[in-house]
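Novice: Starting off with a structure, shown below.
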Amino acid sequence: MKPAPDEPPASASPKPSPSGGPTGSPADTGPPPPAGDQSGQAVEGQSAPAAEDQLERLRQELTAAQQACQQAQSELAAANEAKLRALAELENFRRRTQRQMEEERRYALFPLVRDLLPVLDNLRRAVDSAQKSPDTAGLLAGVQLVYKQLQDVLERHHCVEIEALGAAFDPNLHQAVGQTPTTEHPPGTILEVAQPGYRLYDRVVRPSLVVVAAAPAEQTPVEPSPGDHPPPHSTKTPPATTPEPSSDGSSGKAGRK
């Protein structure tokens with residue numbers, strides 16, 4: 001016969017639950033809810049207005065950032081436009097400076113050429129004078145050579161004589177010193193060159209002194225003035241003249257004794 005199992009000690013008896021019933025009673029259906037859930041709901045209810053305020057602040061900051069970005073883009077566009085204008089002005093200044101330097105280089109000899117022209121004129125006059133005398137053939141050849149060399153020097157430096165003889169008068173190139181009435185040439189044609197003109201590149205150093213053709217003056221008949229008319233013929237008969245007596249006392253009438 002087996003012995004009966006030992007009975008549990010008195011300390012192993014069920015303990016009463018906090019609610020007054022023993023442990024495992026129907027009142028103890030599960031563990032109590034954690035304390036953090038209730039505090040989380042309270043915090044969530046209290047932080048909703050703060051979140052909206054923070055969201056509003058973020059919206060304002062975003063709007064301000066967008067406005068700042070637009071302003072920065074506008075300033076960048078203005079800066080680019082100013083840069084383009086500055087580059088254009090710089091290019092214009094460079095071209096203008098280059099053109100001025102080119103003109104100064106081209107016309108640097110202008111005063112020298114102007115002072116050499118009277119020398120050329122005197123040489124030309126010497127040649128014209130020597131051609132009239134047969135005894136100055138050697139002198140004429142030497143002066144002609146110097147004259148030709150001086151002309152060549154001027155032409156190498158782009159100083160050329162202005163064509164005038166037979167051309168139409170141009171006030172930009174010629175200066176009229178006289179007129180000759182003629183019907184052989186159209187009015188304004190240059191008939192004589194008193195002094196040749198020269199130009200350096202396209203700038204006139206001095207104009208040509210010329211004599212131009214002019215239309216002959218028309219001869220109109222001169223009408224007599226009223227005081228120049230002869231007096232009309234008189235219709236009165238001249239008075240009868242009395243014959244003078246002859247030396248013998250006769251009256252001179254035929255048949256009178």
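The values are calculated or read from the model by the stated rules, or taken from the named source; none is laboratory data. This structure is a prediction, so every number in the text was calculated from the model and none was measured. We place every Cβ from the backbone using ideal geometry, glycine too, and count neighbours over all the protein chains shown.
Novice: Go through Ala194, Ala126, Ala214 for me and flag whichever is more than 30 Å from Glu102 (Cβ to Cβ) and surrounded by fewer than 16 Cβ atoms within 10 Å (Cβ to Cβ).
Specialist: That would be Ala194, the only listed residue that is more than 30 Å from Glu102 (Cβ to Cβ) and surrounded by fewer than 16 Cβ atoms within 10 Å (Cβ to Cβ).
For (1) more than 25 Å from Pro216 (Cα to Cα); (2) part of a strand (DSSP E or B); (3) within 38 Å of the chain's Cα centre (by Cα); (4) not aromatic (Phe, Trp, Tyr), each residue gets a yes or a no:
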{"residue": "Gln149", "(1), (2), (3), (4)": "yes, no, no, yes"}
{"residue": "Asp152", "(1), (2), (3), (4)": "yes, no, yes, yes"}
{"residue": "Val160", "(1), (2), (3), (4)": "yes, yes, yes, yes"}
{"residue": "Asn172", "(1), (2), (3), (4)": "yes, no, yes, yes"}
{"residue": "His185", "(1), (2), (3), (4)": "no, no, no, yes"}
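Novice: Let me ask something else. For Lys132, state whether it is surrounded by 11 or more Cβ atoms within 10 Å (Cβ to Cβ) and of a type in the set (Lys, Arg).
Specialist: Answer is no for this residue.
Novice: If you don't mind, there's one more thing I want to ask. Here are Ala137, Ala108: which of them is over 27 Å from Val177 (Cβ atoms), in a loop (DSSP other than H, G, I, E, B) and at pLDDT below 85?
Specialist: So the residue among Ala137, Ala108 that is over 27 Å from Val177 (Cβ atoms), in a loop (DSSP other than H, G, I, E, B) and at pLDDT below 85 is Ala108.
Novice: Can you name the condition, by its number, that Gln131 falls short on among (1) closer than 23 Å to Arg203 by Cα; (2) over 42 Å from the mean Cα position of the chain (by Cα)?
Specialist: The single condition Gln131 does not satisfy is (1).
Novice: Mind counting the residues in segment 135-168 that are surrounded by 15 or more Cβ atoms within 10 Å (Cβ to Cβ) and of a type in the set (Gly, Ala, Ser)?
Specialist: 2
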